[in-house]
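Notes follow once the structure below has been shown.
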Amino acid sequence: MRSHGCGDLRHDATGQEVQLCGWVDRRRDHGGVIFIDLRDRSGTVQITVDPDLSPEAFAVAEHLRNETVLQVNGKVRARPAESINERLATGMVEVLAAGITVLNSVKANLPFPVSLHDEENTREELRLRYRYLDLRRERMNRNLRLRHSTIRAARNYLEAAGFIEVETPVLTRSTPEGARDYLVPSRVCGGEWFALPQSPQLFKQLLMVGGLERYYQVARCFRDEDLRADRQPEFTQLDMEMSFLGQEDILALNEGLIATIWQEVKGIELPLPFPRLSWHEAMERYGTDRPDTRYGMELVNVSDLVAGMGFKVFSGAVAAGGSVKVLPVPGGNEALSNVRIKPGGDVFSEAQAAGAGGLAFIRVRENGEIDTIGAIKDNLSEATKAELLARTGAVPGTLLLFGAGDTATVNKALDRVRQFLARELGLVKPERDNDSWNFLWVVDFPMFEFNKDENRLEALHHPFCAPNPGDLGTDPAQWAHTLPTARAQAYDLVLNGLELGGGSLRIHDSALQRQVLQTIGLPLEEANRQFGFLMEALDLGAPPHGGIAFGLDRLVMLLAGEESIRDTIAFPKTQQARCLMTQAPADVSGKQLQELHVASTWSEDS
């Protein structure tokens with residue numbers, strides 16, 4: 001039906017007879033000559049319709065509406081110099097129409113203008129409700145093509161490195177992986193349930209036991225959890241697992257993968273290797289295990305310095321086993337008024353939203369003099385003041401923001417304030433203008449963290465991560481005592497403050513795997529019921545193995561300079577986990593529920 005794509009025509013096509021298909025992006029009537037911007041996936045080209053040369057085509061063009069689907073045949077000619085459009089790749093040429101055929105007309109009012117000229121003014125709810133129209137726009141077209149290029153680059157790299165693609169089941173059993181499962185009732189096995197996979201974790205480990213050695217998959221995953229701009233109930237992972245490789249081998253291989261993607265998709269050469277930071281150091285310096293290292297303002301722990309200070313907010317926090325940390329803000333004296341830091345101010349509100357009661361502060365003036373309020377200044381000796389300024393690197397103009405309390409809250413609050421101020425002070429560019437790619441491996445995570453609500457330990461990543469042998473010890477009889485404080489052989493790749501992916505070396509010894517499951521409170525009988533198939537496999541010649549998974553939606557979001565993963569997914573859900581286009585989820589008939597042996601207990605009041 002067509003000889004060329006609309007966006008493929010260039011000056012060297014001048015004089016050629018072409019046949020194009022696409023949508024009417026815009027139609028303009030300029031005193032007897034009609035111009036049509038015809039758009040398809042490849043781009044847009046101008047069609048010129050002259051009544052003297054083709055009255056039949058002109059008669060059709062007179063009544064065209066935007067988004068009408070056309071077939072156009074005509075001759076390519078150079079545009080006059082005064083009408084060259086440098087914003088279009090096809091801007092030096094136009095097609096003089098000899099014939100126009102309407103392949104399909106628009107029979108209803110468009111809910112929003114599709115033309116790229118009106119793209120930024122449409123509410124997201126409308127875009128998602130009529131997603132098929134939104135997909136015609138240049139922005140979504142570009143993002144989905146970028147997603148395709150990313151996956152293609154990853155496939156080529158991994159297959160050249162000896163990986164093979166294997167699909168794992170979507171209907172599986174429910175296992176505890178940290179989020180709620182999406183459950184699917186079984187019709188043929190009444191009263192029993194499948195779960196949609198939160199990840200292919202156990203299956204890819206079993207592929208290693210099966211001797212596949214190097215596996216990858218572009219895997220669909222499902223988690224029934226609260227949503228954010230960078231989360232969806234169904235998402236895509238670039239998933240892989242490897243046998244007979246140590247942690248350093250896995251990190252190096254994946255650095256090569258990321259560098260290949262950035263080179264092929266963005267034309268950017270990334271410096272290798274990526275920096276490494278232990279989990280403990282990341283939490284100390286940034287208050288988070290996914291720090292944004294594009295700017296400074298690192299946290300400084302001054303607990304030892306203020307432990308004996310007369311200011312009870314500080315000394316009390318340290319005495320209770322907590323911390324006092326400082327966030328130095330260069331130039332903060334001029335940029336941030338007291339009103340913004342005190343209750344009701346925006347900086348105070350950021351700290352409060354993270355659980356902090358507030359922020360103490362000191363302003364460093366000329367000659368090292370300090371300016372503060374409350375009891376801090378009265379209890380700050382000259383020696384303590386000098387050491388405080390030295391540790392924080394504070395110079396005149398620096399604002400020192402203090403967090404005091406339990407360490408987790410202090411870290412969370414100062415991390416949030418740090419990120420907020422980085423945007424406020426212009427230390428980071430908007431996503432679309434970003435040209436900094438600060439990659440970082442965070443390693444040596446704790447195996448477990450304490451869940452206060454359930455009064456038990458839980459795996460920080462998942463219960464299949466291998467502990468550090470040096471922390472574990474060689475005596476299995478001691479594992480119950482050494483495991484809770486052991487570090488995991490786990491690693492996360494962080495980019496500009498967002499986690500791109502994470503993985504670990506896996507446990508390949510069944511006794512150790514049982515001990516880890518018992519450490520997180522799973523009785524041996526229950527562990528065998530849920531994971532007996534895995535333990536059996538580990539006893540039948542499981543090789544040492546490890547893996548990693550990257551959040552593909554988030555990775556493409558960063559490459560595209562978008563702020564939401566919804567703009568990199570063809571048919572995403574809203575933050576309420578709904579598809580506005582298909583109106584899913586929706587009611588089903590009572591007969592369907594009866595066949596599945598289930599009944600709904602939901603009511604308007606529940």
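The values are calculated or read from the model by the stated rules, or taken from the named source; none is laboratory data. Note that this is a predicted model, so its numbers are computed, not measured. FYI the Cβ positions are ideal-geometry reconstructions off the backbone, even for glycines, and counts take in every protein chain you see. In case anyone asks, the SASA skips ligands and DNA or RNA and just uses the protein heavy atoms, side chains included. Shrake-Rupley method; radii C 1.70, N 1.55, O 1.52, S 1.80 Å.
The table below lists the values:
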quantity	calculated
The stretch 266-352, dipole about Cα centre (Lys/Arg Cβ +1, Asp/Glu Cβ -1), debye to the nearest 20	120 debye
Estimated FRET transfer efficiency when R0 is 45 angstrom, pair residue 75-residue 220 (beta carbons, to 0.05)	0.45
Label-point gap, in nm, between residue 599 and residue 384 - each point 7 angstrom along Cα→Cβ	6.7 nm
The chain - percent of accessible surface contributed by carbon and sulfur, probe 1.4 Å	50 percent
Gain upon complete extension [residue 424, residue 280; 0.36 nm per residue less C-alpha separation]	49.1 nm
Angstrom value of the Kirkwood radius, inverse mean 1/r, which spans all Cα pairs in the chain	28.7 Å
Residue-normalised accessible area of the stretch 497-606, expressed per residue, 1.4 Å probe, Å²	49 Å²
Mean separation of Cα contacts under 8 Å (6+ apart) over length of the chain, as relative contact order %	13 percent
Charge-dipole axis of the chain as Lys and Arg at +1 and Asp and Glu at -1 on Cβ define it, positive-most pick from 311, 336, 569	569
Loop-resident sites, the stretch 49-101, for GluC sites (Glu not before Pro), counting at most 12 other Cβ within 10 Å (DSSP)	62, 86
Förster radius 22 Å - calculated FRET efficiency between residue 346 and residue 372 (Cβ-Cβ, nearest 0.05)	0.65
Net dipole in debye of the chain [+1 Lys, Arg Cβ; -1 Asp, Glu Cβ; about Cα centre; nearest 20]	940 debye
Solvent accessible area, Å² - residue 186, 1.4 Å probe, full protein context	10 Å²
Sparse-neighbourhood loop sites, trypsin sites (Lys or Arg not before Pro) in the stretch 14-101 - DSSP loop, at most 11 other Cβ within 10 angstrom	87
Cα convex hull of the stretch 1-159 - mean projected area over all directions, nm²	11.6 nm²
Pairwise centroid distance, computed over Cα atoms, of the stretch 19-79 with the stretch 100-170, Å	24 Å
Cubic angstrom per residue, convex hull over Cα atoms of the stretch 1-89	102 Å³
Where the stretch 85-208 is the region considered: accessible area per residue in Å², 1.4 Å probe	54 Å²
Distance (nanometres) between label positions extended 7 Å along Cα→Cβ at residue 266 and residue 536	4.7 nm
Share, in percent, of DSSP beta bridges within the stretch 75-219 that are antiparallel, nearest 5	80 percent
Antiparallel bridges, percent of DSSP beta bridges restricted to the chain (to nearest 5)	90 percent
Ellipticity estimate at 222 nm from DSSP helix runs (n ≥ 4, -39,500 (n - 2.57)) divided over the chain, nearest 500	-8500 deg cm²/dmol
Gained length - residue 395 relative to residue 320, 0.36 nm times residue gap less alpha-carbon distance	23.9 nm
Linear extension gain, residue 294 paired with residue 583, 0.36 nm per residue minus alpha-carbon span	99.9 nm
Whole-number percent relative contact order across the stretch 1-136, with pairs defined as alpha carbons under 8 Å at least 6 apart	25 percent
Cβ-derived FRET efficiency at R0 35 Å, residue 123 paired with residue 434, nearest 0.05	0.90
Sparsely packed chymotrypsin sites (Phe, Trp or Tyr not before Pro) within the stretch 184-256, loop by DSSP, other Cβ within 10 Å at most 14	244
Relative contact order [Cα under 8 Å, 6+ residues apart], the stretch 284-398, whole percent	25 percent
All-pairs Cα distance distribution in the stretch 524-606, expressed in whole percent, bin size 10 Å	12, 19, 19, 31, 18, 0
Cα-based Lys proximity count in the chain, under 27 Å, for pairs eight or more positions apart or on separate chains	21
